[in-house]
Structures are given as C-alpha cells and as structure tokens.
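Enquirer: Take this structure first; my questions come after.
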Amino acid sequence: MRIDLHTHSLASDGTQTPDELVAAAKEAGLDVVAITDHDGTGGWDEAVETAQRVGIELVRGMEISTKHRGRGVHLLAYLPDPTHPGLRDSLDKIVEGRGSRAPAMLEALQRAGIDISIDDIVAPVPGRPHVADAMVRRGIVATRDDAFERYLNPGRPGYVDRYAADLTTTIGTVAQAGGITVLAHPWGRGGRRNLPPEEIATLRAAGLSGIEVDHQDHSTPGVREELRAIARELDLVATGSSDHHGLGKSNHELGCNTTAPAEYERLLERAATASATSRRRTPEVVRPGVRMEP
Ligand code: AMP
Ligand code: FE
Ligand code: FE
Ligand code: ZN
C-alpha cells in the first residue's frame, strides 16, 4: 500500500487540474491519495469523479494557513464537513486576506523596480506562488523558488503579511466540523523553534491528531527520527507525504514520501470518532468499487 496524504492542484497553487492530479497519482502507483489544496475545497468534486473513474482511494482534505505565536503554520485538515459555518467563515477570511494582499505585493515589487501587473497573474486566488509564476513568465526570475528567495520570502522586498487563522482555534474549528488535523511539515523552514515538543503536546491536548513526519522540508539528519519519537510519545499519528505541487515545486514528486498503512488506519479511526462526535455530515473516503451516495 502506497499512501500520499498531501497534494495540491490548480484549485490552489499546484499546476495540475484535480483530474490530472488524481490520474497522475494512480499512474505513479499510489493506492491512496489526499487532495489538500490551500484553504479551500474547490478541487474536491472533480477529484472524486476521477478517483472513481481510475480506481484510487481518495481522502478529501485541505491545508489551512494558520498562525501560532506570530509565525505561519500550515495545518492539514482531513474529512471535515465543508459546510460547517465556523470552518467556512475561517476559510473565507483567509482567502479574502490572500486576495486583498495581492495589490499590496505588486506595489511593493514596483518599489523594488519589478513591474508586474495584476493582469499578469493567473489564479483563482492569487497568492505568492502565482506572483512568482508571473515573474517567471516575464523572465525576471528563472523559477518559483528563485522568486521566493529573492523577492517573496519574509524580509524580501516583495513580502507582504496577510491574515491567517489562529492555530489552536482552528484545530477546534475543524473538530467541530467533524474533521481531524495534522501539522504539515512542522519542523521545516525554521518551524522547530516555534513548535518545540512542549508546544506540540499542548496542541495535542487541544485536539491535534497527527504530525507530518516524512516531508521533503525535513531534510536535516535525525529530524524525522526525532519527530517520529515525539509522535509515539504523544500518541499522535505520524504521516508522510509528497506535498506535490505539479511543476510548482521541484523535488516533491507524488509518492516521494508515504504514510505507513497502520498510521493511515489510525488516522481514519480518529476521523470516524471526530465525525460521530461532531454530528456533522462529513465526507466519506472514496474507495474503488464502492458507489458514493449522491
Ligand atoms: P501565500 O499563502 O500566498 O503566502 O503563499 C504561500 C505558499 O507558497 C505556500 O503554501 C507554498 O506552497 C508556496 N511556497 C512557499 N515557499 C516557496 C518556495 N520557496 N518555492 C515555491 N513555493 C513556495
Ligand atoms: Fe503551496
Ligand atoms: Fe505547506
Ligand atoms: Zn502543502
């Protein structure tokens, strides 16, 4: 069983349609894939159709932009009821914050001598990756990575902060919506200082279900082993995933990291409990050969 629980489509900042993404997951030999676009469920319906057509197990999720102690933290949410008013509200605010930041980013880039117009940007909700892509198309930088490094990361001339939901609050909101939460790449890109073991323990007490251990951003020696030990200690599910963005991120190919079947089972058990406790109508895991209710 090969299980990849973190991928992006064109519904956020991936470069494949949900259909292409799910078909590629099947093609890559995965048995289970989760679609986890940033802050929304726009890719879900198309992904479900393709999963049933090509015969792959599909988990519906999202990656929510949150903040903890002043720093950005990405929170994976699996199988929540997307119509839950509190969750809807929170996602709307994040999407609105990202959209209204775009003009400010372009102004900041103007001041740095970079001339990109809003018409150069192609995206449902323009975030930094889409500004980066526009810079690539204009020949200003070679790759998305270059654009972040030189212009879009915090401290760089094009960086503009935006709204993010509070991490602990969001863990609770997702639980109310009948879903479960997993910290995405918690110790990637300097996250370790912000999320030391004692903080992860506090988040566990607030309802967190798991941490993403095997991720390309966990590249320093020993870091995955340390996180795996923390997961064991705190009885958190340890996941592993690609964080695939199509051509939008190199070295994140589908299935480059995977989740152990036993950990996946534990995750689904927690999801079943969360769903029952919430009394919300939560999405099912899409399974090959099992007909979905309309
Ligand atoms: P935003 O939410 O608009 O601030 O954009 C953040 C998104 O940009 C993240 O979710 C990543 O997918 C993407 N991202 C962050 N850093 C990089 C990077 N160095 N190269 C490519 N994509 C990145
Ligand atoms: Fe992304
Ligand atoms: Fe992320
Ligand atoms: Zn991601």
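Every number in this text was worked out from the coordinates using simple rules, so none of it is lab data. Given the structure is predicted, the values throughout are model-derived calculations rather than measurements. Heads up, the Cβs are rebuilt from the backbone with ideal geometry, glycines too, and the neighbour counts pull from every protein chain shown.
Enquirer: Can you give me the angle between helix 223-234 and the longest principal axis of the chain, using Cα atoms only, in degrees from 0 to 90, rounded to the nearest 10?
Expert: That helix lies at roughly 40 degrees to the long axis.
Enquirer: Evaluate the relative contact order of the stretch 52-117 (contact order divided by residue number), counting alpha-carbon pairs under 8 angstrom at least 6 apart; express in whole percent.
Expert: Value for the stretch 52-117: 19 percent.
Enquirer: Calculate, for LEU234 and ARG192, the FRET efficiency according to 1/(1 + (r/R0)^6) with r their C-beta to C-beta distance and R0 25 Å; round to the nearest 0.05.
Expert: Between LEU234 and ARG192 the formula returns 0.95.
Enquirer: How big is the shadow of the Cα convex hull of the stretch 62-182, averaged over all directions, in nm²?
Expert: Averaging across all directions leaves 7.6 nm² for the Cα convex hull.
Enquirer: Measuring from centroid to centroid over Cα atoms, what is the spacing of the stretch 133-179 and the stretch 59-115 in Å?
Expert: 8 Å
Enquirer: Turning to a different aspect of this structure: Restricting attention to the stretch 64-117, which trypsin sites (Lys or Arg not before Pro) occupy a DSSP loop and are surrounded by at most 10 other Cβ atoms within 10 Å?
Expert: Passing both the DSSP loop test and the Cβ count: ARG69.
Enquirer: What nm distance separates the two modelled labels at ASN251 and ASP120, each placed 7 Å from Cα along Cα→Cβ?
Expert: A separation of 2.7 nm, rounded to one decimal place.
Enquirer: In deg cm²/dmol, rounded to 500, what helix-only [θ] at 222 nm does the chain give when every DSSP H run of at least 4 residues adds -39500 (n - 2.57) and the total is split over its residues?
Expert: Taken over the chain, the calculation gives -12000 deg cm²/dmol.
Enquirer: Another question about this same structure. Report, to the nearest 10°, how far helix 85-111 tilts away from the longest principal axis of the Cα atoms in the chain, using its own Cα long axis and a range of 0 to 90°.
Expert: 20 degrees
Enquirer: Give, in nm to one decimal, the length gained when the segment between ARG88 and VAL136 is fully stretched (0.36 nm per residue of separation minus the Cα-Cα distance).
Expert: Full extension of this stretch gives 14.0 nm more.
Enquirer: If you take the beta carbon distance between VAL54 and VAL290 as r and set R0 to 22 Å, what does 1/(1 + (r/R0)^6) give as a FRET efficiency, to the nearest 0.05?
Expert: For R0 = 22 Å, the calculated efficiency reads 0.95.
Enquirer: Can you tell me the 0 to 90 degree angle between the C-alpha axis of helix 44-54 and the longest principal axis of the chain, rounded to 10?
Expert: 60 degrees
Enquirer: At what distance in nm do the modelled label points of THR220 and ASP166 sit from each other, each positioned 7 Å from its Cα along Cα→Cβ?
Expert: The answer from the label model is 3.0 nm.
Enquirer: Among 80-86, 130-136, 32-38, what's the highest-first ranking by average C-beta atoms within 10 angstrom per residue?
Expert: Top of the packing list down: 32-38, 130-136, 80-86.
Enquirer: Points 7 angstrom from Cα along the Cβ direction at ASP146 and ALA272: gap in nanometres?
Expert: 5.1 nm
Enquirer: Any lysines with Cα under 17 Å of the LYS93 Cα? List them, leaving off those in the same chain fewer than 8 positions away.
Expert: LYS67
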